[in-house]
Each structure stands twice: as C-alpha cells, then as structure tokens.
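The values are calculated or read from the model by the stated rules, or taken from the named source; none is laboratory data. All values derive from a computational prediction rather than experimental measurement. Neighbour counts are summed over all protein chains in view; Cβ atoms, including those assigned to glycine, are modelled from backbone coordinates with ideal geometry.
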Amino acid sequence: MDAYYTKQGTVNYTTKSTVSIVKPDGLVSYEVREIVVTANILFGEIVGLLGIVANVINVVVFSKIGFSDTVNISLAALAVSDIGALVTLQWFNVIVNPWFLQLDLPFLPLEIQSLTAGYPHNYFVKVTGFITAFVAFERCLCVTLPFKVKTLITKRIALAFNVAVFFAIALTMFPVYYTAYYDWKFDAKKNKTFIQTF
C-alpha cells in the first residue's frame, strides 16, 4: 500500500485522502512529550549554566590560592575539565531543543550533534573520571603512607599526570575527527542543501 503515517492518520498516495485513524505515539501525546522535553532541556540549561559559573569560580580560587599543594593542581584541572563538559552539554541541549529544531538552518542539528557536542562531551567526561581517580588515589596514599605521600606525588608529577590525561584522551578522539567531516548535501525532500556529517 502506498501510504505513510502522520500524527493525524494515514495518507494514501493514490487518493490523497486522510483516514481518520489516530495512531498513539506512546503513553503521552506528541504535544505533552514536546512540553516535557522542552522543560527538561530548559532546566538542564539552567543547571548547566550554574555549574559553569561554579567551576569558573573554582578555577579563580585555585589560581589565587596557588598550586603549592598537588591536590590544588588536580582540582583546578578537574574544574577546567568540568567546564568543558558543561559547555559541550549546553550546546547539546540547544541542538536537541524542539524550538531550535524548528528553525530554518543551513545544517541539520541532529546531524552535527555528535562531532560538535557528543564526542567533545565524552572527552571531557573521561578526563574528569581519570582526574577524579587520581585525586582519590592520592587521598588513599595520604591514609596508607602519610609521611611518604609528598615524596611520591610531587607537584611535577601531579602536573604531568593531569596534562598527560588531557593529551592522551585527546589522542583517542583523533581517529573520529580524522575520518569524519562536514560537507554540503542536497536533500530532495526539502529541496535544500544542508551541511551534513560524512
């Protein structure tokens, strides 16, 4: 049968008539789903902005305190990584917002989300995880070897570890960005050219 389904029912290609069968979209209607998704995204944007502000304050405080303690180095790196994760998450929330999807843009938001928001967010989350594990390891050494921890983990080692984590995890992202690229592609359904991921 030559037909496709819409929110209102089935449209027959040959007769162009609409059959009054309403197919349920799930537990809630399409409109309720849009309201819930939009409210969730807006709430996420507010929480994300508060997180960015808090982490910027953390970076400023750690820079004023100084980096004489190795934990300050790691916590400052953790705040920088969190800022990156939150900024990319903010962009992701904008891309999937139903209001943003309705705009007439030269790109398809859901096409570019992985390279501009998804992979960078995963990068910063992985960095945050490794730095958190390093801080926990250092605190564990403070309990098990309280008099040797300052000689085992120096400022140079803490700085080198944090820089190495940022760099090493960036290397894991290289194949994705080396093989994927954006280019113009014609969409026959919309009769328009869009930037898409290849």
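Has segment 75-83 got at least one residue that is free of Cβ contacts under 8 Å to residues at least 60 places away in the same chain, under 23 Å from Tyr178 (Cβ atoms) and within 21 Å of the chain's Cα centre (by Cα)?
No; the residues of segment 75-83 include none that is free of Cβ contacts under 8 Å to residues at least 60 places away in the same chain, under 23 Å from Tyr178 (Cβ atoms) and within 21 Å of the chain's Cα centre (by Cα).
When Phe107 is tested against (1) farther than 30 Å from Ile35 by Cβ; (2) out of contact with any helix residue (DSSP H, G or I) (no Cβ under 8 Å at 6 or more places or on another chain), exactly one condition is not met: (1).
Answer yes if at least one residue in segment 42-50 is touching a residue at least 24 places away in the same chain (Cβ under 8 Å), part of a helix (DSSP H, G or I), in contact with a Leu (Cβ under 6 Å, 6 or more places away or on another chain) and of a type in the set (Gly, Ala, Ser), and no otherwise. Checked against the condition, which is being touching a residue at least 24 places away in the same chain (Cβ under 8 Å), part of a helix (DSSP H, G or I), in contact with a Leu (Cβ under 6 Å, 6 or more places away or on another chain) and of a type in the set (Gly, Ala, Ser), segment 42-50 yields at least one hit.
Out of all the residues in segment 73-86, is one or more closer than 30 Å to Trp184 by Cβ, of a type outside the set (Lys, Arg), modelled with pLDDT of 85 or more and not in a loop (DSSP other than H, G, I, E, B)? Within segment 73-86 (the criterion being closer than 30 Å to Trp184 by Cβ, of a type outside the set (Lys, Arg), modelled with pLDDT of 85 or more and not in a loop (DSSP other than H, G, I, E, B)), the answer is yes, since at least one residue qualifies.
Only one of the listed residues (Val143, Val127) is in contact (Cβ under 8 Å) with a residue 24 or more places away in the chain and not in a loop (DSSP other than H, G, I, E, B). That residue is Val127. Residues in segment 173-195 that are touching a residue at least 40 places away in the same chain (Cβ under 8 Å) and assigned to a helix (DSSP H, G or I): Met173, Val176, Tyr177.
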